[in-house]
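The structure under discussion appears below in the form of structure tokens.
The values are calculated or read from the model by the stated rules, or taken from the named source; none is laboratory data. The shown structure was predicted, so the numbers you read here are calculated from the model rather than taken from an experiment. We place every Cβ from the backbone using ideal geometry, glycine too, and count neighbours over all the protein chains shown. Accessible surface areas use protein heavy atoms only, side chains included; no ligands, DNA or RNA. Shrake-Rupley method; radii C 1.70, N 1.55, O 1.52, S 1.80 Å.
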Amino acid sequence: MKRSPGKTLVFMLTALASSVNAANLVDVANAAWSYDGTWRAARMNWNADQELLVQGRAALFPSVNASYGVYDNDREIKDLNFDESYDSEMTTVTLAQPLFRVDAWYGYKEAKSSTDIAHANFEQARQDFVLRVAQGYFGVLRAWDNWVSAKAEEKAIGRQLEQTQERFDVGLVPATDVEEAQATYDLTQVNLIVARQQYEIARDQLETLTGQQWETLAELKEELPMEGPQPAVMDDWIEKAKAENPQVLAALYNTELTDNTAKRQLGTMMPQVQLVAQYQNSNLYPDDNSAAAGAGSGLNSTDTRQIGIEVSMPLFQGGGLNSRRKEAYLRADAAVHQYDQTLRNAVQQTRNAYRTVEADALRIKAREQAIRSTRSALDATQSGYEVGTRNVVDVLNAQRALFAAERDYANARYDYIVDSLTLKSSTGDLHQGDLASVNQWLSSSETLNLYAPDLEGKSEEMMEENSVNK
């Protein structure tokens, strides 16, 4: 599970990006690596969290302190008619080495657990980053396909409206057919507006993620290996999630952390033993009129050296020591229950993700068949309309069903990609290389111009493909 963070993504993906002219998933990932604020913050937090271990270990090592002071002193003893004024300075250097500190030892183990939690959280942030990149990229392609489909549907319904109006003008159909066709056409225009808005939002979100505008993006190839989860055994994915899911690991490390915290709080109630060595130099400067000066004492300089063992133990602090110990043990028990729940949640999420990807693969095949079926139904309905056995409502419904089937098929392909990455993320096995693998599913010849998309041309192609007169 533990892998050293680095710029593996940048180095590996940059090599692959050079082979494709249009911007692709690799290019987007490279741009997001250095720009995405959430990911950059996660990397900085990871670097900061490495200092926790140093801080926890510090209490076990020697500490050296130095102090220096300058003082103005005035001392008077009335019964002895003694009056003395003098200046003084004192320099002190103290070294202390813990010999027996239970609280310091478990504080160090706390720091180790905190570092482990930080690593698990960083792994989760890294996988979230990979998912955000994929969702942002394919979110644009998904919105684009939906916009093209909405435009093609609007054109097809518009032509049907024109034909219905012409048939009404010559008395072949009633006015209600024209009204039905007009109402359906108005609805497709609303859907077209919504689809364009969603596309522009998705495009803006990708720019926010990467910090730059993209002129073109590579689109998905027609034929893709979407066969479902590999390995095709749910239990294998579940066992991997139990062992490597970052959230599960973070919860596990948190149980260790809280247990060490409880032991540290208990250690604060125990004796503490340390080796102490101290050097102190003090200088006294009596005034000329002081008793010490009159006695001819002049400058008094004293050097003091001490070395020994200090033992200390808190006896009573208003009940706070015992209360903190009880609190720590209760929180340790709570962390165990939280770990159990996190583990159950991870298993359920992995099971759901596995079944979702499995269903996505089946849905793609079913959507392909649905397109063929709805296209045949449209042909039959149009023929029936020509001979008078079907009305315009049937034709309009059949046309809309075909476009809906094509949108569902396109969305199912994008769902499969994102859900597959989500499944790998649930097991803690989503790596930068997975983006490079998905990048191979993109076409270098089929590209989307984000700011000057050929909406008319694409919609005409789709409409002609679905035309019953082709």
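Descriptive notes on the structure:
- The residues in the stretch 410-442 that are in a helix (DSSP H, G or I), closer than 19 Å to ALA125 by Cβ and charged (D, E, K, R) can be counted, and the count is 2.
- One residue from THR356, THR381 being in a helix (DSSP H, G or I), β-branched (Val, Ile, Thr) and touching a residue at least 24 places away in the same chain (Cβ under 8 Å): THR356
- Residues of the stretch 71-92 classified as out of contact with any helix residue (DSSP H, G or I) (no Cβ under 8 Å at 6 or more places or on another chain), surrounded by 10 or more Cβ atoms within 10 Å (Cβ to Cβ) and among the hydrophobic types (A, V, I, L, M, F, W, C), total: 2
- Restricting the stretch 257-272 to residues that are open to solvent by 30 Å² or more (accessible area, probe 1.4 Å) and of a type outside the set (S, T, N, Q), the residue that is nearest to ALA334 (Cα to Cα): ASP259
- Yes/no for GLN348 being exposed (fewer than 15 other Cβ atoms within 10 Å of the Cβ) and either assigned to a helix (DSSP H, G or I) or modelled with pLDDT of 95 or more (or both): yes
- Boolean, PRO229 is farther than 30 Å from ASN322 by Cα, assigned to a loop (DSSP other than H, G, I, E, B) and open to solvent by 30 Å² or more (accessible area, probe 1.4 Å): no
- Test: residue in the stretch 43-63 that is closer than 30 Å to ALA218 by Cβ and of a type outside the set (Asp, Glu): yes
- The stretch 445-470 - residue that is assigned to a helix (DSSP H, G or I) and open to solvent by 60 Å² or more (accessible area, probe 1.4 Å) and, of those, nearest to ILE371 (Cα to Cα): GLU465
- Output for the stretch 120-134, where each listed residue is open to solvent by 10 Å² or more (accessible area, probe 1.4 Å) and either among the charged types (D, E, K, R) or not in a helix (DSSP H, G or I) (or both): ARG126, ASP128, ARG132
Conditions (1) in contact with a Pro (Cβ under 9 Å, 6 or more places away or on another chain); (2) touching a residue at least 24 places away in the same chain (Cβ under 8 Å); (3) not in a loop (DSSP other than H, G, I, E, B), marked per residue:
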{"position": "GLU76", "(1), (2), (3)": "no, no, yes"}
{"position": "ASP87", "(1), (2), (3)": "yes, yes, yes"}
{"position": "LEU95", "(1), (2), (3)": "yes, yes, yes"}
{"position": "ASP116", "(1), (2), (3)": "no, yes, yes"}
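- Taking every residue in the stretch 161-186 that is among the basic types (Lys, Arg) and pairing it with any residue that is crowded, with 20+ Cβ neighbours inside 10 Å, at least 6 positions away or on another chain, the pairs with Cβ-Cβ distances below 7 Å are ARG167/VAL173.
- Filter pass, GLU368 being in a helix (DSSP H, G or I), in contact with a Gly (Cβ under 7 Å, 6 or more places away or on another chain) and touching a residue at least 40 places away in the same chain (Cβ under 8 Å): no
- Residue ID - most open to solvent (accessible area, probe 1.4 Å), chosen from residues in the stretch 384-395 that are in contact (Cβ under 8 Å) with a residue 60 or more places away in the chain and either part of a helix (DSSP H, G or I) or closer than 16 Å to ASN146 by Cβ (or both): VAL393
- Just one of the listed residues (ASP204, ASP236) is in a helix (DSSP H, G or I) and surrounded by fewer than 13 Cβ atoms within 10 Å (Cβ to Cβ), namely ASP204.
- Check on ALA398, part of a helix (DSSP H, G or I) and open to solvent by 10 Å² or more (accessible area, probe 1.4 Å): yes
- Residue satisfying all of: in the stretch 155-176; open to solvent by 20 Å² or more (accessible area, probe 1.4 Å) and in contact with a helix residue (DSSP H, G or I) (Cβ under 6 Å, 6 or more places away or on another chain); nearest to ARG407 (Cα to Cα) among these: LYS155
- Test result for VAL28, open to solvent by less than 70 Å² (accessible area, probe 1.4 Å), modelled with pLDDT under 50, part of a helix (DSSP H, G or I) and at negative phi: no
- Residue in the stretch 375-382 that is out of contact with any Pro (no Cβ under 6 Å at 6 or more places or on another chain), under 30 Å from ASP429 (Cα atoms) and of a type in the set (Gly, Ala, Ser) present: no
- Exclusive hit being surrounded by 14 or more Cβ atoms within 10 Å (Cβ to Cβ), modelled with pLDDT of 95 or more and in contact with a helix residue (DSSP H, G or I) (Cβ under 6 Å, 6 or more places away or on another chain), set ASP103, ASP116: ASP116
- Of the residues examined, LEU252 is not one that is farther than 14 Å from ARG344 by Cα and either of a type in the set (Asp, Glu) or surrounded by 15 or more Cβ atoms within 10 Å (Cβ to Cβ) (or both).
- Residues in the stretch 424-444 that are open to solvent by less than 20 Å² (accessible area, probe 1.4 Å) and either over 19 Å from ALA250 (Cα atoms) or aromatic (Phe, Trp, Tyr) (or both): LEU435, ALA436, VAL438, ASN439, LEU442, SER443.
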